[in-house]
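Heads up, the thing below is written out as structure tokens.
Please treat every number below as a calculation from the coordinates, not as lab data. Keep in mind it's a predicted model, so treat the numbers as computed, not measured. Here the Cβ is made from the backbone with ideal geometry for all residues, glycine too, and neighbour counts use every protein chain on show.
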Amino acid sequence: MILGIDLGGTKIEGIILKSDKEPIEIERLRINTEEDKGYKQIINNIKRLVDTLENKVNYKFKKIGIGTPGTLDPETQLLKNSNSQNLNKKSIKSDLENLLSKKVNIENDANCFTLAETKFGAVKDQMPNAKIVFGVIMGTGIGGGIIVDNKTLYGKQGIGGEWGHTIIKDDGEMCYCGKKGCVESVISGRALQKYYTSLSGKKLSFKEIYKNIETDSNAKKTLKRMIKYFGKGLSNVVNIIDPDIIVLGGGLSNTNELYDQGYEELKKYVFNPTFKTKIIKPKLGDSAGVYGAALL
């Protein structure tokens, strides 16, 4: 059996799968992260979740995988670049290894998503022999992961795939990362909601905005902005790694226009006269992160 934990800003999910060859769900559990109570509360909640799952199957795991927002710095081994900012500059890997008395493998949540969709999900179904896969997380934040020959491309700084912090708009909003106009500050769910509010004065979730695109001109403008900068931002990735296939995930991946209008927008900026790389919907939904964590 393998055990994975998906650490998010609002929930922590744990799963036990039969094996890395047979992703059959044995046990699964979600609890609240309680991020507002601080770092110690978060890691204690992870321990509580692991203990509960182990008790359910009467088995003590020697190692587990955890997907986190942000990434471990290869030199300092401290977490960085997390939009759950009380995790930043924390030695979460060693702290959890001491707390849990087990080996802990940690990867960025977007890497976990991409790995799971490659080995168990939509990529396996539609292009099982893909050599280079780019996975896109589009939700509250924007993330990405690169899989080459079924292995995560982590990078020297541990930031492989972080297209969400490439600059696409010089006069854009300030991002939590300290830069202006990066993809996350323009087309994340949070950024699109802020843009809609600036036009309409109303505070709506992106889901509500999207529901009104036929009747609300400000909702139409918000969607148009999303499509335009999705194409521009993703073209930078395509021009550099030229993936065999791109899989979208996160709440915004349910926006159908990304797969036709967004695709056409992307084609405008790709450095090639033709563009045939498929962009596909995920298969595993919000389970992908925790499946990928278990694979670690």
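Along Cα→Cβ, 7 Å out, is where each label goes; now give me the distance between the ones at Asp95 and Lys56 in nm to one decimal.
Going by the 7 Å Cα→Cβ label model, 2.5 nm.
Percent antiparallel among DSSP beta bridges with both residues in the range 8-120, to the nearest 5?
Values: 9 of 15 bridges.
Antiparallel: roughly 60 percent of the beta bridges in the range 8-120.
Determine ³J(HN,Hα), in whole Hz, for all residues of the range 282-288 in sequence, where each value follows from phi through the Karplus function 6.51 cos²θ - 1.76 cosθ + 1.60 and θ = phi - 60°; x replaces Gly and Pro.
3J(HN,Hα) across the range 282-288, in whole Hz: x, 9, 8, x, 7, 7, 4.
Under a 5 Å amide H to amide H cut-off, with H placed in plane at 1.01 Å, what residues pair with Gly141 once short-range neighbours are removed?
So Gly141 has HN proximity to Gly189.
Determine the dipole magnitude for the chain: charges of +1 sit on the beta-carbon of Lys and Arg, -1 on that of Asp and Glu, nothing else is charged, the reference point is the Cα centre, and the result goes in debye to the nearest 20.
Working: 45 positive and 35 negative charges, 42 e Å.
Its charge dipole is roughly 200 debye.
Calculate how steeply helix 217-241 sits against the longest principal axis of the alpha-carbon atoms of the chain, using the helix alpha-carbon long axis, and give the answer as 0 to 90 degrees to the nearest 10.
70 degrees
Using the Cβ atoms and a cut-off under 15 Å, what net charge is assigned to the surroundings of Lys232, where Lys and Arg are +1 and Asp and Glu are -1?
Numbers: positive: Lys169, Lys224, Arg225, Lys228, Lys267, Lys268; negative: Asp170, Asp171, Glu184, Glu264, Glu265.
Overall, the nearby charge balance is +1.
How would you order 126-136, 211-221, 246-256, 173-183 from highest to lowest mean count of nearby Cβ atoms within 10 Å? Mind dumping the intermediate values first?
Values: 126-136: 19.0, 211-221: 14.8, 246-256: 21.7, 173-183: 17.5.
So the order, starting with the most tightly packed, is 246-256, 126-136, 173-183, 211-221.
Which percent, nearest 5, of DSSP beta bridges in the range 128-282 are antiparallel? It would help to have the intermediate numbers written out before the result.
Details: 11 of 19 bridges.
Counting only bridges with both partners in the range 128-282, antiparallel ones make up about 60 percent.
So for the pair Cys177, Ile26, with labels modelled 7 Å out along Cα→Cβ, what separation do we get in nm?
Output for this residue pair reads 3.8 nm.
If you fit an axis through the alpha-carbon atoms of helix 39-57 and take the longest principal axis of the Cα set of the chain, what angle between them do you get, 0 to 90°, nearest 10?
60 degrees
Between beta-carbons, use under 9 Å as the cut-off and find the net charge around Ile167, counting Lys and Arg +1, Asp and Glu -1. Don't skip to the end; give the middle numbers.
Details: positive: Lys169, Lys179, Lys180; negative: Asp170.
Its environment carries a net charge of +2.
For the range 1-71 and the range 274-296, what is the separation of their C-alpha centers, rounded to whole Å?
So the two Cα centres are separated by 20 Å.
So if I place +1 on the C-beta of Lys and Arg and -1 on the C-beta of Asp and Glu, and nothing else carries charge, what would the dipole magnitude of the range 128-282 be about its Cα centre? I want it in debye, nearest 20. Walk me through the intermediate numbers first.
Values: 23 positive and 15 negative charges, 49 e Å.
Computed about the Cα centre, the dipole is about 240 debye.
Treat each spin label as a single point 7 Å out from the Cα along the C-beta direction, and report the Asp170 to Glu208 distance in nm.
Placing both labels 7 Å beyond Cα along the Cβ direction yields 3.6 nm.
So how do Asp109, Asp244, Asp20 line up by other beta-carbon neighbours within 10 Å, fewest first?
Asp20, Asp244, Asp109
Using the count of nearby Cβ atoms within 10 Å as a rough guide to exposure, how do Asp170, Asp6, Asp286 rank from fewest to most? Let's see the in-between values first.
On the way: Asp170 7, Asp6 26, Asp286 16.
Sorted ascending by nearby Cβ count, the order is Asp170, Asp286, Asp6.
At 0.36 nm per residue, minus the direct Cα-Cα distance, what do Lys102 and Lys18 gain on full extension? Give it in nm, one decimal, please. Walk me through the intermediate numbers first.
Working: separation 84, 0.36 × 84 = 30.24 nm, distance 1.93 nm.
So the extension gain works out to 28.3 nm.
Pop out the ³J(HN,Hα) list for the range 272-279 in order, Karplus 6.51 cos²θ - 1.76 cosθ + 1.60 with θ = phi - 60°, rounded to Hz; leave Gly and Pro as x.
Each residue's phi maps through the Karplus curve to give 6, x, 10, 9, 10, 5, 6, 10 Hz.
Sequence-distant or interchain residues sharing an amide H contact under 5 Å with Gly8, placed H: which?
Here the answer is Glu13, since their amide H atoms fall under 5 Å of that of Gly8.
Please list, ordered by chain and number, the residues whose modelled amide H lies under 5 Å from the amide H of Ile280; skip anything fewer than 5 residues away on the same chain.
Ile246, Val247, Leu248
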